[in-house]
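Comments concern the structure below.
Computed from the coordinates by the stated procedures, all read-outs in this text should not be read as laboratory data. Keep in mind the model is a prediction, meaning the values are calculated, not measured. Cβ atoms come from the backbone with ideal geometry, glycine included; neighbour counts cover every protein chain shown.
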Amino acid sequence: MDNYGWNAVFCSIIFSAALAMIPALFLKETRLERTKTRFRLTGPSRKSSDTSFLRVLIIFLMFTTFRGAEMAFSQITPIYLSERFNASSYQQGLFFCVGTMVANLIIQLPAGWLADRYSRRKIALISAACGPFIIVLWPYMSSYWSLLALRMLL
């Protein structure tokens, strides 16, 4: 990092976040339809159930690998906060609490509604696609508070 600066770190994070979109491209939409008294799952036929498990397993492994790589790169955030904004340990804790927990609590209700109203696949793709664009803005944030607001979007 000393030789390349923070931009190299953020480029690595953006690259791994973009790779995390690949599994979402392979998802197929399934819906739970309600008949008179039963629920029926619609989607791929039963003939393809043998390959469905393998396909889902591969998608899960790809997604986990790419998101894990992104999370590994993201571990530098406390260093970035203290170096760039001289953030105290309290501010670093606040950054992670507000940026992850509060944002996740706020998004839960609209995310479920959006997934039901539109395609779950589309919502997964849009969510995965937003990450790299939000991370691109991190080096341009001039204050801790603007970065915190941006973190809540991620």
| What is the extension gain from residue 12 to residue 142, computed as 0.36 nm multiplied by their sequence separation minus the C-alpha to C-alpha distance, in nm to one decimal? | 44.7 nm
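Which shape class applies to region 74-121: rounded if a/c is under 1.5, otherwise prolate when a/b exceeds b/c and oblate if not, where a ≥ b ≥ c are the square roots of the Cα gyration tensor eigenvalues? Mind showing how you got there, number by number?
Values: a/c = 5.26, a/b = 2.81, b/c = 1.87.
Prolate shape, in that a/c is at least 1.5 and a/b is the bigger ratio.
Treat the count of other C-beta atoms within 10 Å as a stand-in for reagent exposure and order 138, 6, 145 from fewest to most.
Details: 138 19, 6 15, 145 11.
Going from least to most buried by this count: 145, 6, 138.
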